[in-house]
Amino acid sequence: MNVLIRLTKSTLAYPGAEKSLITPQLVFNDPTTLPVISTFRILSPTGALVDNNHSLTITSEKIVDLYKHMVTLHTLDTIMYDAQRQGRLSFYMTSSGEEAVSVASGAILEKHDQIFAQYREQGAFLARGLSVQDIMNQLYANSNDHGKGRNMPIHHVNKAINLHPISSPLATQIPHAVGAAYALKLTKPNQACSICYVGEGACSEGDFHAGLNIAATRECPVIFFVRNNGYAISTASKEQYKGDGIASRGPGYGIVTIRIDGNDLLAVYEATKAARDLAVKENRPVLIEAMTYRRSHHSTSDDSFAYRSKHEVDAWKRHDNPISRIRKYMQRPDINIWSDELEEKFRKATKKDILKCLQIAERTKKPPLSEIFTDVYFDNGGKELQPHLKEQKEELDEILAQYRSWYHLEDYKA
Amino acid sequence: MSVRDALNTALAEEMDKDDDVFIMGEEVAQYNGAYKVTRGLLDRFGERRVIDTPITEMGFTGICVGAALAGLKPVCEFMTFNFAMQSIDQIINSGAKTYYMSGGTQVCNVTFRGPNGAAAGVGAQHSQDYSAWYGSIPGLKVVSPYSSEDCKGLLKAAIRDPNVTIFLENEMLYNETFPMSEEAMSTDFVIPFGQAKIERPGSDITIVAHSRNVEFSLKAAEILKEKYNVEAEVINLRTIKPLDVPSIVKSVKKTNRLVSVESGFPAFGVGSEICAQIMESEAFDALDAPVERVTGAEVPTPYAKELEDFAFPTPEIIVRACKKALYMEE
């Protein structure tokens, strides 16, 4: 038992820990003796509510809506993974097993909220209103891609939903989200927040520390949404950190924190919605650690069976699939907002739609060659090319004019 | 007006003019900046716009980029550009490239500023010139001012410029005073990027320099005039990117000889780029001698004054390089 002696008025408080009490006992704070942070869950894998008295803010219509996004995402992933294997696009990343995490968290965002994503958040973009065709145009880097064909597949950008360009160097999006949150605090006080998606692996980067620390000290309205899916490419989370996940770090920064079941669509929705309220109304950063399992390989460049068993992956697929979990709930006789017939009809239509979008994206012309040189500098409203860029463009034009027949110029938009 | 006051005035005027401009960095608020460039700004503009940060370059650099992506116009102060190495990914991969990567939809108006290059007696990790590093990146604009007028006009231009600007100051110049023209005292005074300034006209040889080396080059030009009756033309580059190649070409066509002066390391440096640009221009045919480069020594900067003094250009070294280009025997 610690003997605690309160500071008397004559004692000076250390400025770095003003509320710390004095103790005569030499006791180290041993993290192994601390309680492990619990995981917030509403819906169990069987489709039953953990607490029958839980009041949900989500409507039945919304649940069906989000379920459809999850199925769309999964269908898209299946088709695009195969398309990559057939050599029809260079690279792809699926969200298998993590559909609830991205779809439900994206769904609670509002008009002015800013999105800083990592790379496995296509579900959030769908929930924010990006169409499958938008996604497909990006994957195929065609002339309808909002990034003008400049970014590798999955690196989406879309001004309409305030989605900032995805940054390949991991975790740089964390300080960006904080900076944008600070800007929102100044320009749209108590109206909007930014959300920053990051994997548990990227939380080892220094940017994580820097971003959370400044978000806390500057009181920025930002949601740090950590997807803890167990693996950073091949590095298992147990090799990534020693402490109690990522959530345990939040209190150290003075940030309100919650750990949630990322495979539970309802928990992700309700928790992220509550986090947004806290961030927007009180100008506070919030840390969410969503526990899930990456059933897919890291990307199409990875073969995860080199470092984990197929048995492990199959177990997650069979016993804790976020899509089937919410479907079980939806098809409960007392809920009854979905049926096998609707399922079959929707899956069939979705697959057809996605294949159509793929064909359109494949057939759409590539961005105009002149756009190689634009948007390096925003001068004169972005219309003016700097002399050295103009010079390069003229050189390319000359070469193309001289050797026209050697290039497939018909593939590019004029 | 001192260089420090010119920078301070530029910041205050731009913050006054535009509410979206704010400044962030270590010690910029309460302490008025490590070199007092932000003196008085906290009192005048308050803590929402003059922000002391925790010690994390990558953090506050990224936050400035993020705030710019959301529409503000941050000025990010580095205590020295040597420390910006810890955040160079944020400057280059995020700051410089986002406008392009976003398909021209996400403008990123940030000004990164602070002292650059060698100061005095601060050793290897505080004494490096980053002009060439940043000068090689598409999407960045790089400014290296010399006088108070340069500092005021170019910093205001940098803050107004909708792109990412690297503004490389020099600690040794902060206390130096320069006369300011009436025009330069105006709140509307801005100096456009990409326009070098002829600090001293001449007909016999062209010396191209930036930042503090403009001062050494002007001293060298005086020595050349006094001792050898040589009229050197001294060009102050003002901006590294865009580089005002036409002004150098024009001068070389007149003088037929060229010396570049910088404190950066010689390899892949500003001087190297100038040599290449001149070779690729019509000025090559006008050269009567190979271009001479005066640079810092290619060693990490030593601390001991007796050693450090040998590591950087001096007026005497510039004179020697000019004499070589003029084929004048020692």
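The values are calculated or read from the model by the stated rules, or taken from the named source; none is laboratory data. If you're wondering where the values come from, they're calculated on a predicted model, not measured in any experiment. Neighbour counts run over all protein chains shown; Cβ positions are idealised from the backbone, glycine included. These area figures cover heavy atoms from the full protein model, side chains too; ligands, DNA and RNA do not enter into them. Shrake-Rupley method; radii C 1.70, N 1.55, O 1.52, S 1.80 Å.
Divide by every residue of chain A the summed helix terms, -39500 (n - 2.57) for each DSSP H run of at least 4, and state the resulting mean residue ellipticity at 222 nm, rounded to the nearest 500 deg cm²/dmol. Present the calculation step by step, with values, prior to reporting the outcome.
Numbers: 13 runs with 162 residues, N = 414.
Rounded to the nearest 500, the figure is -12500 deg cm²/dmol.
Along its principal axes, chain B has C-alpha extents of 61, 45, 41 angstrom, given from the largest down.
Taking the average, over residues, of other Cβ atoms within 10 Å as the packing measure, peptides A:138-146, A:296-304 rank A:138-146, A:296-304 from highest down.
Note that segment A:122-132 has calculated 3J(HN,Hα) couplings of 4, x, 5, 5, 4, 5, 7, x, 5, 8, 4 Hz, one per residue in order, obtained from phi through the Karplus relation 6.51 cos²θ - 1.76 cosθ + 1.60 (θ = phi - 60°); glycine and proline are x. Using only Cα atoms, find the angle between the long axis of helix B:3-17 and the longest principal axis of chain B, and express it within 0 to 90 degrees, rounded to the nearest 10. Tilt of helix B:3-17: around 40 degrees.
What's the average, rounded to a whole number, of partner chain beta-carbon atoms within 10 Å of each residue's beta-carbon in A:162-172?
Working: counts 3, 2, 10, 11, 1, 9, 2, 5, 0, 3, 10.
Per-residue shielding by partner chains comes out at 5.
Note on B:Ala289 and A:Asn29: their simple-model spin labels are 6.8 nm apart, each label 7 Å out from Cα toward Cβ. Measuring from each cysteine beta-carbon in chain B, the ones with no other cysteine beta-carbon under 4.7 angstrom are B:Cys108, B:Cys151, B:Cys275, B:Cys322. Which percent, nearest 5, of DSSP beta bridges in the protein assembly as shown are antiparallel? Looking only at bridges with both residues in the protein assembly as shown, the antiparallel portion is about 20 percent.
Under the rule a/c < 1.5 gives rounded, and otherwise a/b versus b/c splits prolate from oblate, where does segment B:3-185 land using the Cα gyration tensor? It comes out rounded by the Cα gyration axes.
Couplings 3J(HN,Hα) of segment A:178-187, computed from phi: 5, x, 5, 5, 5, 5, 5, 4, 7, 9 Hz, in residue order, whole Hz [Karplus 6.51 cos²θ - 1.76 cosθ + 1.60, θ = phi - 60°; x for Gly and Pro]. Residue by residue along A:206-214, Cβ atoms of other protein chains within 10 Å of the local Cβ number 6 on average.
Between 0 and 90 degrees, the angle of helix A:265-282 with respect to the longest Cα principal axis of chain A falls at about 80 degrees.
As a length-normalised measure over Cα pairs under 8 Å and 6 or more apart, the relative contact order of chain A settles at 20 percent.
Charge tally for B:Ile159 (other residues, Cβ to Cβ under 15 Å; Lys, Arg +1; Asp, Glu -1): -3.
Backbone phi angles across segment B:143-154, fed through the Karplus curve with coefficients 6.51, -1.76 and 1.60 (θ = phi - 60°), yield HN-Hα couplings of 10, 9, x, 10, 8, 4, 4, 4, 4, 5, x, 7 Hz in residue order; Gly and Pro are listed as x.
Carbon and sulfur together cover what percent of the accessible area of the protein assembly as shown at a 1.4 Å probe radius? Of all accessible area on the protein assembly as shown, carbon and sulfur atoms account for 53 percent. Basic side chains Lys and Arg get +1 at the Cβ, acidic Asp and Glu get -1 at the Cβ, and with that the dipole of segment A:369-411 about its Cα centre reaches some 40 debye.
If packing is taken as the average number of other Cβ atoms within 10 Å across a peptide's residues, how do A:223-230, A:81-88, A:321-328 rank, most packed first?
Working: A:223-230: 26.8, A:81-88: 13.5, A:321-328: 21.2.
Result, highest mean Cβ count within 10 Å first: A:223-230, A:321-328, A:81-88.
Along each principal axis, taking the top coordinate minus the bottom one, the Cα set of segment B:197-325 gives 43, 33, 24 Å in descending order. Translational diffusion coefficient of segment A:369-411 (Stokes-Einstein, Kirkwood radius from Cα pairs, 4 °C, 1.567 mPa s): 114 µm²/s. Counting only DSSP beta bridges with both residues in segment B:3-185, the antiparallel share comes to about 5 percent.
Answer rounded, prolate or oblate for segment B:81-179, using the Cα gyration tensor with square roots of eigenvalues a ≥ b ≥ c: rounded when a/c is under 1.5, else prolate when a/b is larger than b/c, else oblate.
Values: a/c = 3.05, a/b = 1.43, b/c = 2.12.
Since a/c reaches 1.5 but b/c is at least a/b, the shape of segment B:81-179 is classed as oblate.
Report note on the peptides A:195-201, B:4-10, B:175-181: ranked by the mean count of other C-beta atoms within 10 Å, highest first, their order is A:195-201, B:4-10, B:175-181.
Taken about its Cα centre, the protein assembly as shown carries a charge dipole of about 2400 debye when Lys and Arg each add +1 at the Cβ and Asp and Glu each add -1 at the Cβ. Computed over protein heavy atoms with a 1.4 angstrom probe, the accessible surface ordering of A:Trp316, A:Trp406, B:Trp133, A:Trp338, largest first, is A:Trp406, B:Trp133, A:Trp316, A:Trp338.
Farthest toward the positive end of the dipole of the protein assembly as shown, out of A:Cys193, A:Asn29, A:Tyr329, is the Cα of A:Tyr329, where the dipole comes from beta carbon charges about the Cα centre.
Based on the alpha-carbon gyration tensor of segment A:34-135 and its eigenvalue square roots a ≥ b ≥ c, which shape applies: rounded if a/c is under 1.5, prolate if not and a/b is larger than b/c, or oblate? It is prolate, given that a/c is not under 1.5 and a/b is the larger ratio. Between the helical axis of A:206-217 and the longest alpha-carbon principal axis of chain A there is an angle of about 60 degrees.
GNM on chain A, alpha-carbon springs under 10 angstrom: the most fluctuating residue among A:Ser102, A:Ser55, A:Ser237 is A:Ser55.
Under the rule of -39500 (n - 2.57) per DSSP H run of 4 or more residues, summed and divided by the residues of chain B, what mean residue ellipticity at 222 nm is obtained, to the nearest 500 deg cm²/dmol?
Numbers: 12 runs with 113 residues, N = 330.
My calculation for chain B gives -10000 deg cm²/dmol from helical runs alone.
Residues considered: A:Leu400, A:Leu278, A:Leu73. Largest GNM mean-square fluctuation over chain A, using C-alpha springs under 10 Å, is found at A:Leu400.
Output the direction-averaged projected area (hull surface divided by four) of the convex hull of the alpha-carbon atoms of the protein assembly as shown, in nm². Walk me through the numbers on the way to the answer.
On the way: hull surface 160.2 nm².
Result: a mean projected hull area of 40.0 nm².
Mean-square fluctuations from a GNM of chain B, with a 10 angstrom spring cutoff on Cα atoms, peak among B:Glu262, B:Glu171, B:Glu47 at B:Glu47.
For chain A, the convex hull spanned by the alpha carbon atoms encloses 198 Å³ per residue.
Partner shielding of A:180-189 amounts to 6, given as the average count of beta-carbon atoms from other chains within 10 Å of each residue beta-carbon. Surface exposure of chain B, expressed per residue as accessible area with a 1.4 Å probe, stands at 38 Å².
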